[in-house]
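The values are calculated or read from the model by the stated rules, or taken from the named source; none is laboratory data. Note that the structure is a prediction, hence the values are computed from the model and not measured. Note that we place each Cβ from the backbone using ideal geometry, even for glycine, and neighbour counts take in every protein chain shown. Note: accessible area is taken over every heavy atom of the protein model, side chains too, but ligands, DNA and RNA are not part of it. Shrake-Rupley method; radii C 1.70, N 1.55, O 1.52, S 1.80 Å.
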Amino acid sequence: MTALGSLPLSRTAFDRDGNARTQPGFLDGIRTDARTRAVLVRGRDVAVDGENLDLRLCSQRENTEQMVYLGTTVADENGVATGTPVVAVRADDADANWAPLRQIAATLSERDAGLAASSVAVLGWHEASGFCSRCGAATIVDHAGWMRRCPSCETEHFPRTDPAVIVRVTDAEDRLLLGSNSAWEAGRYSLFAGFVEAGESLEAAVIREVHEEAGVRVTQPRYLGSQPWPFPRSLMLGYSAQLESDQDARDTVPDGDEILDVRWFTRAELADETSGVLLPGRSSIAHAIIEQWLVRE
Ligand SMILES: [Zn+2]
């Protein structure tokens, strides 16, 4: 648990059973195990049954499907017993009810949120990792789906996660700075965010990103919590920061490219549902960071 409480896609309740992945032939055994259940993934959609994942029996599926071992369940839930092996498979079942993970994350159970986040993340990595980034040869899946090995140059490739910082900036009057992105509909505002660059610390990324996007310098970056955001492979690291004392709150300048408008909001302004301001969706860490600020003090 973090300062932000329980974030939708950070919740997890299964045993990743990482040591089992390297056993020879392990995935073949799991594939044919009559107990094994499969999370079905199509792009960034998952198969659902009501508000739960539709965990289908794996032994009845084609054995040509791309498959990753996720681990075992740790409690009885929705007809699936404790200790059941679960895999992620890339599928396109016509009779499945498909839902976008980023829209349903907040309503899934702890178990299903963790299974779904890992499934979409690791299968998304496979989709983009068929060839060795060092020599270009086709790579071979190993470690029950958690590694790809190059048969030509022997390089081992593991699922990538790209860290990104997302920042709550406040000023001396305790107002919150938000930006409106050029890719969004009119009236939508959120926190400033961006990828950590090669060789950069998280704290330096916080200060750089806010300066690039909003034109002002901030200080005292403080870590709030993290959430995987597998669309396709980010890890969002939430921070708070304060406007530097020598900066004037009126000096904000949107970068004009990614960010078209930058605005300071009071709590009353953000809480006013008639303001026309649209805020981030429930699944996002941005939503949790803004909510925490709204209800504080
Ligand atoms: Zn290679």
**Fill in**
Computed over the chain, protein heavy atoms only, probe 1.4 angstrom, the accessible area per residue in square angstrom equals 49
**Item:** Taking the convex hull of Cα positions in the range 29-90, its mean projected area over all directions (nm²)
**Value:** 4.2
**Asked** Applying the Karplus parametrisation 6.51 cos²θ - 1.76 cosθ + 1.60 with θ = phi - 60° to the phi angles of the range 92-104, what ³J(HN,Hα) value in whole Hz is obtained for each residue in order, glycine and proline being reported as x?
**Response** 8, 4, 5, 8, 8, 9, 8, 9, x, 4, 5, 8, 10
**Message:** Between the range 175-234 and the range 269-297, what is the separation of their alpha carbon centroids in Å?
**Reply:** 16
**Prompt:** Which net charge results for the neighbourhood of Trp125, defined as the other residues with beta-carbon distances under 9 angstrom from its beta-carbon, given Lys and Arg at +1 and Asp and Glu at -1?
**Reply:** +2
**Complete:** Compactness check, the range 110-267: C-alpha Rg relative to the 2.2 N^0.38 Å globular estimate gives 1.28
**Complete:** Subtracting the Cα-Cα distance of Asn52 and Ser109 from 0.36 nm times their residue separation yields 19.8 nm
**Prompt:** What translational D, rounded to a whole number of µm²/s, comes out for the chain from Stokes-Einstein when the hydrodynamic radius is the Kirkwood one over Cα pairs, at 37 °C and 0.692 mPa s?
**Reply:** 156
**Asked** Within the chain, which DSSP H helices have Cα atoms that stretch 27 Å or more along the helix axis and a mean Kyte-Doolittle hydropathy of at least -1.0?
**Response** none
**Complete:** With T = 25 °C, eta = 0.890 mPa s and Kirkwood Rh from C-alpha pairs, the Stokes-Einstein D of the range 8-128 in µm²/s is about 173
**Prompt:** Can you list the residues, at least 5 places off or on another chain, whose amide H is less than 5 Å from the amide H of Thr84, using H built in the peptide plane?
**Reply:** Thr73
**Cysteines in the chain lacking a second Cys C-beta under 4.7 Å** = Cys58
**Message:** For the ranges 249-255, 37-43, what's the packing order if you count other beta-carbon atoms within 10 Å of each residue, average per peptide, and put the highest first?
**Reply:** 37-43, 249-255
**Request:** When you have a sec, figure out the Kirkwood radius of the range 175-220 from all distinct Cα pair distances and drop it here in Å to one decimal?
**Result:** 11.7
